[in-house]
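First up is the structure itself, then whatever we jot down about it.
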Amino acid sequence: MTAVLTGTPVPRAAGKPRLTRWVLRLHRPALYAWAGLLVALTALLLGLRGPLADAAAEGWRQYNSCTGTARCSYDQDAIVRYKDYYNYATVALNALPMLVAGWAGAALVGRELESGTALLAWTQGTSPARWLAVRLAVPAIAVAAGAALLSWLHHLAWSAGRGRIDTAKDWYDRFTFYAGGPTAVVLALAGLAAGVLAGLVLRRTLPALLVGMTVTAALRGVTEIALPHLWPAVTRVSTTDQVPLGAGLGVDEGVITRSGARTPVPACHTEAQCRAAYADITGRWSTYHPYSHHWPLQLTTSALVLAVAALLALGSFLALRHSTGAPRTTEKATA
Amino acid sequence: MVEYRIDRHSGVATYVQIVQQTKQALRLGLLQPGDRLPTAREVVEATAINPNTVLKAYRELEREGLVEARRGLGTFVRRSLGTAPADSPLRTELEAWAERARAAGLERDDVAALFTAVLDTHFQGDPS
Amino acid sequence: MSSDAALRADALGKRFGRRENWALRDCSFRLPTGRVCAVVGPNGAGKSTLLALAAGLTAPTEGSVTVLGTTPAAARPRVGFVAQDKPLYPQLTVAETLRMGADLNPEHWDAAVAEEVVAGGDLNPKARIRSLSGGQRTRVALALAVGKRPELLLLDEPMADLDPLARHELMGTLMAQAAQYGTTIVMSSHVVAELEDSCDHLLLVGGGRIRLAGEIDELLAAHLRVAGAADATGLGAHTVVESKVTGRQLTALIRPAGPLSGEWRAFAPSLDELILAHLRNPGAPALPERSAA
């Protein structure tokens, strides 16, 4: 694939149709919008990592040094500003897969099938399969590169606040988790594949937009449900008079009876009830993921989502072949 | 060079119109032996008729020995037709007659009808 | 299988949806290369479906279609197609659209003929497609299809949006392609008159079936328009496509099976009469091509 965007006529190497250039040309507005979004979020995340985090940390230092006196002066604005901006950036990264899915379903594929321009493309010197391959690959590269940059910056910004800012999000805060790692990248890619498949199947702009976004949101929901089970969790045991242990992504917890059995936390409503319920209990147990599981969980989630994205992409090719009736052996002439 | 004019409402088959117009050009001396007929591409581009129609007409002309197709070169006139080139005495006479007819008050249609009737009398049975 | 067929259908059928909604059914014909074929029929007869099947843009439900001796998908690089609504990318300019044609058909792009088609319409190359009229869009769509220099050109209602002048000029360009490169052209229309002079082959589609298929000259020669007294007899030996009694006179369009008895006056039918008679009488036996398969 030749990814040149120059308009100057270059002596053509005969043979290869230049689909890439035309995908970029046809979706130039989306490319510009993506570039603009990247610049804005990069600036925001760099700010969060540097001056905004420093100012908020200083605010918290001032606040924590207050010793209960009536007048305590600290920079509350900096703390609130950091929190707000952090939330904006995190929400943007969480919304990115849905955004990509909507764009892919509507503009990249759905509109082409609705208006018939896909038929125009398929009857040039390229096969529909190649048309689809380029429509998946070129945005995938742009989306993956941009999302990788943003999620890395988000992780840096989050790290900068960790331990310095009391209201900083924990690593297992679900919006933080899906913004600051490879999961952000693969979810965006899955969104692309879901949008493309929706566009090919529904052949209409608006339904493809809605279905693409819904499927992507559902995929995100499923990964959230599956997340605790994607890496072996750690179990800690503590006695009843200790503070429950295990700050991290909780999986399950309960109590330990005198006989050593692990049971769920008993339900009780009155003091008498509770005394009775806890009479037999000697300790607590908790199954959870500590911070050391952050990267393993990121990677297993990513692998899972990537597999789904691959299946969606494969489904797109099958849907295309079903509708155009192209047999398996058609690629030799032009590919 | 001739330029064909196809009249789709004449009721005459298109290829026959081309044959007739070619013969007309031969009679009038607009086409002479050795001249090249327009290529099928040139004819169809100007008239939007089917190329096979032109080829059919040219084959008909070739069958009558009027033209000859030379592969890759084109179709060329082999012999001229009739004895009435544009400046022949017969034409001069006919023009004088037409002027008299007009002076006598005949309309174009009257003249055509008269002419056709005389043609029918004298050339009965001849192919057109 | 004869290799000189540009397009060939065998028991071809296409159904949309699960229900008995056949757009085209039981469709068999053979179109030799180098022909200019008119696909004629009323709106909704299945013309567009037939062309889309031939272009490999949709898969048949049953039967098969062979294009340039191979499957429609494999033949696609050698086939030009213009869909009925002339889809083009609205955000591109005319010049960009042609450049796209060159880029996507690097092996055989004829820039000269594409530019000639566009130039005939007095189009500004910098104009965006979305600003063009229907006729101008048709011109650009045709330029793209012709510029590909295809062996088979499939055109769905190509002349519908054009004024008579442009129609004549573009038909001339298409015929020139056919004359120079032997391009087989298949074009659909529901107006017979606009295709009559340009086409030498006919596919008459009605109610999702092929009603007539063959060389126009042969089809015309195979039919007679006859007139006689209403009580005259002797038509029974022939295939009667349509007959009508007006007062004491009976007129009919027949496919003679032998000599006609003397009490009938016979005329050669026009193409229009032939087509209308067949469309008005879907019950009349179809005339499949004699040379089929």
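The values are calculated or read from the model by the stated rules, or taken from the named source; none is laboratory data. None of the values given here were measured: they were computed from a predicted structure. Quick reminder, even Gly has a Cβ in these numbers, built from the backbone with ideal geometry, and neighbours come from all protein chains shown. Ligands, DNA and RNA are excluded from the accessible area calculation, which covers all protein heavy atoms including side chains. Shrake-Rupley method; radii C 1.70, N 1.55, O 1.52, S 1.80 Å.
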Top of A:A106, A:A307, A:A140 by mean-square fluctuation, Gaussian network on chain A, Cα under 10 Å: A:A307
Region B:31-84 shape via C-alpha gyration tensor axes, a/c threshold 1.5: prolate
Along each principal axis, Cα extent of chain A, largest first, Å: 82, 51, 31
Protein accessible surface hidden between C and A, which excludes ligands and nucleic acids, total in Å², probe 1.4 Å: 2800
Listed pairs C:K14/C:K244; C:K86/C:K126; C:K47/C:K244; B:K56/C:K47 exceeding 26 Å between Cα atoms: C:K14/C:K244; C:K47/C:K244; B:K56/C:K47
Peptide-level mean, for A:122-135, of C-beta atoms on other protein chains within 10 Å: 5
Unit charges on C-beta of K, R, D, E only; dipole of the protein assembly as shown, Debye: 2160
Prolate/oblate/rounded call for region A:249-289, Cα gyration tensor, a/c under 1.5 rounded: oblate
Among C:L144, C:A166, C:V117 the positive-end extreme of the charge dipole of region C:5-216 (Cβ point charges): C:L144
Residues with amide H under 5 Å from that of C:R211, placed H, sequence gap 5 or more: C:L204, C:V205, C:G206
Per-residue HN-Hα couplings for region A:262-271 [Karplus 6.51, -1.76, 1.60; θ = phi - 60°; Hz; x = Gly/Pro]: 9, 10, x, 4, x, 8, 8, 10, 10, 4
Helical mean residue ellipticity (222 nm; -39500 (n - 2.57) per DSSP H run of 4+; nearest 500) of the protein assembly as shown: -14500 deg cm²/dmol
Packing rank of C:10-19, C:174-183, B:110-119, where each peptide gets the mean count of other beta carbons within 10 Å, highest leading: C:174-183, C:10-19, B:110-119
Candidate aspartates and glutamates - alpha carbon under 18 Å from A:K83, same-chain residues fewer than 8 apart omitted: A:D54, A:E58, A:D75, A:D166, A:D170, A:D173
Other protein chain Cβ atoms within 10 Å, averaged over every residue that makes up C:81-92: 4
Region C:165-267: GluC sites (Glu not before Pro) in DSSP loop, at most 14 other beta carbons within 10 Å: C:E263
Alpha-carbon centroids, region C:63-112 and region A:298-319: separation in whole Å: 32
Cα point-scatterer Debye curve for the protein assembly as shown, base-10 log of I(q)/I(0) at q = 0.07, 0.08, 0.09 Å⁻¹: -0.70, -0.83, -0.95
Sequence-distant aspartates and glutamates (8 or more away, or on other chains) whose Cα lies within less than 14 Å of A:K169: A:D84
